[in-house]
Amino acid sequence: MLAQHKDQRVAVLIDVQNLYHSARNLYHAKANFKEILKSAVGGRKLIRSFGYVVRTKTVEEKPFFEALVKLGIETRIRDLQEFYGGQKKADWDVGITVDAIKTAPSVDVIVLVSGDGDFVQLVEYLKNQGKRTEVLAFKRSASARLEETADEFINLENDSKKYLLKK
């Protein structure tokens, strides 16, 4: 395992929907994004942090988005798409991948806060570019392949009191 050190430049990419649903479904709680960001940075130099969020027609999540910004997380907002027949979609996988690739040249470490197995190829690519890759997620809802592929996997379940806010 590669070591962390304080001079590393870090970018944090947070798949907000993935964490929100994992916290809700596994623990009936909300994710504590302040603590998650703090652990992702780990005392190193934060260059950028992005939170990928989905806006619904009701815009009831606006205060939550504002809270993320106050934490220093740049929000990337996508509108929820609703299709004929009631199906809904709001997928950020391509957006997260593009931001990771664009940000990678200016950082040493990419921290992906998501358990989504769709990011395995991204992590492999970043490692081939010489970047340290770290994944933070709840192990029970994370892809085993993503966990294996990253240089380091931080299981948020190991300190759930820290990373969860009870509703």
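The values are calculated or read from the model by the stated rules, or taken from the named source; none is laboratory data. These figures come from a predicted structure and were not determined experimentally. Counting neighbours? That spans all protein chains shown, and the Cβs are built from the backbone with ideal geometry, glycine included.
Residues that are in contact (Cβ under 8 Å) with a residue 40 or more places away in the chain and either within 17 Å of the chain's Cα centre (by Cα) or surrounded by 21 or more Cβ atoms within 10 Å (Cβ to Cβ) (or both) do occur in the range 70-79.
Each residue in the range 113-145 was checked for being assigned to a helix (DSSP H, G or I) and of a type outside the set (Asp, Glu), and 15 pass. The conditions of being in contact with an Asp or Glu (Cβ under 8 Å, 6 or more places away or on another chain), closer than 19 Å to Lys45 by Cα and either part of a loop (DSSP other than H, G, I, E, B) or modelled with pLDDT of 95 or more (or both) are not met by Ile101. Only residues that are closer than 14 Å to Lys38 by Cβ and touching a helix residue (DSSP H, G or I) at 6+ places or on another chain (Cβ under 7 Å) were counted in the range 146-163, giving 4.
The residue pairs whose first member lies in the range 44-58 and is under 17 Å from Gln4 (Cα atoms), whose second member is of a type in the set (S, T, N, Q), and whose beta carbons are closer than 9 Å, counting only pairs six or more residues apart or on different chains, are Arg44/Gln4; Arg44/Gln8; Lys45/Gln8; Ile47/Thr103; Ile47/Ser106.
Restricting Val59, Val53 to those that are β-branched (Val, Ile, Thr) and either over 19 Å from Phe138 (Cβ atoms) or at pLDDT 95 or above (or both) reduces the list to Val59.
Screening Glu148 on (1) part of a helix (DSSP H, G or I); (2) surrounded by 16 or more Cβ atoms within 10 Å (Cβ to Cβ) shows it passes everything except condition (2).
One line per residue, one yes/no per condition, for (1) closer than 16 Å to Asp15 by Cα; (2) touching a residue at least 24 places away in the same chain (Cβ under 8 Å):
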{"residue": "Phe65", "(1), (2)": "yes, no"}
{"residue": "Ile96", "(1), (2)": "yes, yes"}
{"residue": "Ile110", "(1), (2)": "yes, yes"}
{"residue": "Val123", "(1), (2)": "yes, yes"}
{"residue": "Lys127", "(1), (2)": "no, yes"}
{"residue": "Arg132", "(1), (2)": "no, yes"}
{"residue": "Arg145", "(1), (2)": "no, yes"}
{"residue": "Asp159", "(1), (2)": "no, no"}
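Could you grab me the full set of residues in the range 20-70 that are more than 23 Å from Lys161 (Cα to Cα) and acidic (Asp, Glu)? Across the range 20-70, the qualifying residues are Glu60, Glu61, Glu66.
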